[in-house]
Amino acid sequence: MLRKVALILSFCVALVFGLLAQPSNYWTTSFNTEASLLAGAVVGGNAEVTAIYYNPAGISDIKDSRFQINASLFNIEHKVYKNPLGQNTKMENWFFKVYPRFAAYVYPSKKVENLTYQFAIFNRNHAETSIYNRVVNNNSDLIYHNTLEQYTGLFNLKSAFNDYWGSMGVAKAFGKNWSLGLALNVSVITFNYTREASATAIPVRVSLEDSIPLFSSSWDLEERINGYNWRFIAKVGAMYKTKKFQAGINFTFPSWRILGRADINKTVSHTNIFYQNNHIPDYYFNEFITDAHFQLKDPFSVALGVKYRHQNSRSQYFFTVEYFKEIAEYVLVDATKTGGNSEKGTDFSSYIFQNRAILNFAMGYKKMLTTTVGFLAGVRSDFNPYRISHNEKYWEINSFDNLNNNLIHLTGGVKFEFQRINFVAGLQHSYGVKKSQREFIDFSNPVSYSPETRTALQGPISNQTTYSTYSLGFYFAFTVLLNKKKESIR
C-alpha cells in the first residue's frame, strides 16, 4: 500500500524546490573583520580573532586580552529567476539585512607560557527566500474541450535558514616558528520553510442555454517544515612562520549530530481531472508529522594557506585553498523516525540530500599606507557542491531540486588604529549567474494529466530556468584592547 501511495505522489520528487539553496555554498559567509576584507585567505595567518574558525593555530598570534564585536551594518541581496514557472515567467526578490555576525573574547594564559584561549559566538550562515508569482491563461482548453477555461497557476515560497556557532578554542606556540590549535564548536541550525503551489481550470460558460453542468478542476500542493539541529564540529590547525613567510593547515572534521527534530505538514490533492476522456479519481493525501528525525551534515575539509611579505615592504600577499570532501546521499528529514510518542510518517514526507567534492580558493592583498592606516582587498570563489541525482533505493523519497549558483566574492576596505581601538570598514560584492536549471513547476504549457509523473494541470519540467544572485554588503568592526600594553596588529 505504501508503495502504491508513493507512486501516485511521486510527482513531488520532480517539484520540490531546494530548501537549502543558499547554505549549500560553503564559502558564502566570511566574518566582518580584517579577515573578511582579505576574502578569508587567512589560513596561513592574519585571521586575528576569526582564527578560531579559519585556523585555530592562529589564536596564538594574539598576545593581548581583547573583546571584539563585528557587525554587518547593511547587506542588500537581489535574486532573479527567469522562466521558473515556465516560458516567459519571471520572479525576483530583494532582502535587506541588519544583524551582528561575530563576537569574541581572547585572553593569554597567566599560568602556561605561550598558551592562548578564545571564546566566540557567531552566525556562520543566514539565508532567506521569499518569492510569489502566478500564471493566468483565459483561453485554455484542458478539461472540457471546445469550452473556454480560465487557467490560473499560483506559486509561493518562503524559507529562512540560520546557522549559529558557539566556539571554544585554545592554541599554543612552540618556539618562534610553530603553533598548534584546537577549536570545539557547537552549531545550532534553525530552518523554516513553506511552499505552496496550485493550479485551477474554471470553465467559462459560452451559452446560458447549455444545461450540462460544468465543474472546475484543481490541483494543490502544500509543504511546511519547521526544524532545528544541534551539531558538534571540531577543528585542528597548525602554523609555521618566519619573518617573511607563514604557512598554515586546518582540518575540519565532519559534523556530529547531537539532536535535531522537524515538524512536517504536507498535503497534495486534485479534483475533476480527465485524461483521454477518462476521469482520474479525485485524490487527497495529508501527513502531519511531529518530532521527525532531522540532521544536516557538514563534510570533512582541509585548508592550506600561505602569507608572504617582502622584506622592508608594507605589502602582504595571502592565498588559501580548501578541499571539501563529498557527502554521500543520506536522509536529511526522516519522517519514518519520530521521537517520543509521535506518530510515524512515510517516505512521502522524507527528504534526501548529498553534495559533491569541491575546491575553493581565495586571494588577498594588504598594504599599510601609514603606520595606522591600511588598505585591504581580496577575491574568493564559492562553488556550489549540491548534486542532483536519482537513487533507486530512495525512489519514493523527495530530493532537493536545488537552484544553485557558483558565486564570486570581491572585497575591499580600510583599517584604522586610534589609541586603544582598531576600526575596520569595507564592502563585499557577490554575484553568480547559472543557466539551464530545472523549473520550479511549469504553468506555461499545462496538460490535463500526465500518467508518467502523476501530475495534473501542469506541464513537464524542463531545464530552462536562469538563476542570478547579486549582493552588496557594508561591513564595520571594532576591537578594544584590554591590556595596558598592546601589541600592534598591523
TODO: Enumerate the pairs (first residue in region 216-243 and at negative phi; second residue anywhere and assigned to a strand (DSSP E or B) and aromatic (Phe, Trp, Tyr)) with beta-carbon separation below 6 Å, excluding pairs fewer than 6 apart on the same chain, so at least 6 apart or on different chains.
DONE: ILE225/TYR193; GLY227/PHE191; GLY227/PHE294; ASN229/PHE294; PHE232/TRP256; VAL236/PHE251; TYR240/TRP178
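Here is a yes/no grid of residues against (1) in a loop (DSSP other than H, G, I, E, B); (2) crowded, with 18+ Cβ neighbours inside 10 Å; (3) modelled with pLDDT under 95:
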site	(1), (2), (3)
THR336	no, no, yes
PHE353	no, yes, yes
VAL379	no, no, no
HIS390	yes, no, yes
LYS393	no, no, yes
Task: strands (runs of 3 or more DSSP E) (entirely within region 407-456) containing at least 3 residues that are closer than 30 Å to ASN272 by Cα and more than 21 Å from the chain's Cα centre (by Cα) - done: 447-450
TODO: Just name the residue that is surrounded by the most Cβ atoms within 10 Å (Cβ to Cβ) out of those in region 134-161 that are modelled with pLDDT under 90 and among the aliphatic types (A, V, I, L, M).
DONE: ILE143
TODO: Considering only residues that are of a type in the set (A, V, I, L, M, F, W, C) and either crowded, with 19+ Cβ neighbours inside 10 Å or touching a Pro at 6+ places or on another chain (Cβ under 6 Å) (or both), look in region 403-434 and name the one that is modelled with the highest pLDDT.
DONE: LEU407
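For every residue, the table says whether it meets (1) over 30 Å from TYR193 (Cα atoms); (2) at pLDDT 85 or above.
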| position | (1), (2) |
| --- | --- |
| PHE11 | no, no |
| LEU37 | yes, yes |
| ASN46 | yes, yes |
| GLY86 | no, yes |
| LYS97 | no, no |
TODO: Could you please give the count of residues in region 362-377 that are touching a helix residue (DSSP H, G or I) at 6+ places or on another chain (Cβ under 8 Å) and either among the hydroxyl-bearing types (Ser, Thr, Tyr) or in a loop (DSSP other than H, G, I, E, B) (or both)?
DONE: 0
- [ ] Report, by residue number, each residue of region 435-449 that is out of contact with any Pro (no Cβ under 7 Å at 6 or more places or on another chain), modelled with pLDDT under 90 and either surrounded by 15 or more Cβ atoms within 10 Å (Cβ to Cβ) or among the β-branched types (Val, Ile, Thr) (or both).
- [x] GLN437, ARG438
- [ ] State all residues of region 305-314 that are in contact with a strand residue (DSSP E or B) (Cβ under 7 Å, 6 or more places away or on another chain) and either charged (D, E, K, R) or surrounded by fewer than 17 Cβ atoms within 10 Å (Cβ to Cβ) (or both); if no residue qualifies, say none.
- [x] LYS307, TYR308, ARG309, ARG314
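Out of region 166-194, which residues are loosely packed, with under 14 Cβ neighbours inside 10 Å, within 18 Å of PRO108 (Cβ to Cβ), touching a strand residue (DSSP E or B) at 6+ places or on another chain (Cβ under 9 Å) and not aromatic (Phe, Trp, Tyr)? Give the steps one after another, and end with the answer.
Step one: filter region 166-194 for residues loosely packed, with under 14 Cβ neighbours inside 10 Å, giving 166, 174-177, 190.
Retained after the next criterion (residues that are within 18 Å of PRO108 (Cβ to Cβ)): 174-176.
This time we only want the ones that are touching a strand residue (DSSP E or B) at 6+ places or on another chain (Cβ under 9 Å), so: 174, 176.
Scanning region 166-194 gives a single hit, LYS176.
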Open item on the list: Given the condition over 15 Å from GLN68 (Cβ atoms), surrounded by 14 or more Cβ atoms within 10 Å (Cβ to Cβ), of a type in the set (Asp, Glu) and in contact with a Leu (Cβ under 8 Å, 6 or more places away or on another chain), answer yes or no: does some residue in region 126-133 qualify?
Closed with: no
Task: Residue identified as within 13 Å of LYS297 (Cβ to Cβ) and touching a residue at least 12 places away in the same chain (Cβ under 8 Å) among ASN355, ASN360 - done: ASN355
TODO: State all residues of region 328-342 that are closer than 15 Å to PHE288 by Cβ, without any contact (Cβ under 8 Å) to a residue 60 or more places away in the chain and either touching a helix residue (DSSP H, G or I) at 6+ places or on another chain (Cβ under 6 Å) or hydroxyl-bearing (Ser, Thr, Tyr) (or both); if no residue qualifies, say none.
DONE: THR336, THR338, SER342
TODO: Say whether the condition of being within 22 Å of TYR240 (Cβ to Cβ) and outside any loop (DSSP other than H, G, I, E, B) is met by at least one residue in region 34-44.
DONE: yes
Open item on the list: Could you go through region 268-283 and let me know if any residue there is farther than 30 Å from ILE143 by Cβ, more than 27 Å from the chain's Cα centre (by Cα) and in contact (Cβ under 8 Å) with a residue 24 or more places away in the chain.
Closed with: no
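Given TYR26, TYR53, which one is closer than 20 Å to THR190 by Cβ, at pLDDT 90 or above, under 21 Å from the mean Cα position of the chain (by Cα) and not in a strand (DSSP E or B)? Quick ask: steps written out before the conclusion?
Numbers: TYR26 fails: at pLDDT 90 or above.
On inspection, the qualifying residue turns out to be TYR53.
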Task: Members of region 188-216 found to be under 22 Å from THR152 (Cα atoms), part of a strand (DSSP E or B), among the polar types (S, T, N, Q) and modelled with pLDDT under 95, listed by number - done: THR194
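Among the listed residues THR147, THR116, THR129, THR152, which satisfies the condition of being of a type in the set (Val, Ile, Thr), assigned to a loop (DSSP other than H, G, I, E, B) and touching a residue at least 12 places away in the same chain (Cβ under 8 Å)?
Details: THR116 fails: assigned to a loop (DSSP other than H, G, I, E, B); THR129 fails: assigned to a loop (DSSP other than H, G, I, E, B); THR152 fails: assigned to a loop (DSSP other than H, G, I, E, B).
The match here is THR147.
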- [ ] Looking only at region 88-113, count how many residues are of a type outside the set (A, V, I, L, M, F, W, C), in contact (Cβ under 8 Å) with a residue 60 or more places away in the chain and loosely packed, with under 14 Cβ neighbours inside 10 Å.
- [x] 1
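Hey, among GLU322, GLU326, which residue is surrounded by 17 or more Cβ atoms within 10 Å (Cβ to Cβ) and under 23 Å from TRP165 (Cα atoms)? If you could, list the steps in order and put the result at the bottom.
Values: GLU326 fails: surrounded by 17 or more Cβ atoms within 10 Å (Cβ to Cβ).
Going through GLU322, GLU326 in turn, the sole match is GLU322.
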TODO: Restricting attention to region 457-467, report how many residues are part of a strand (DSSP E or B) and touching a helix residue (DSSP H, G or I) at 6+ places or on another chain (Cβ under 9 Å).
DONE: 1
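The values are calculated or read from the model by the stated rules, or taken from the named source; none is laboratory data. Since the model is a prediction, treat every value here as computed from it, not as a measurement. Positions of Cβ are backbone-derived with ideal geometry, glycine not excepted, and every protein chain shown enters the neighbour counts.
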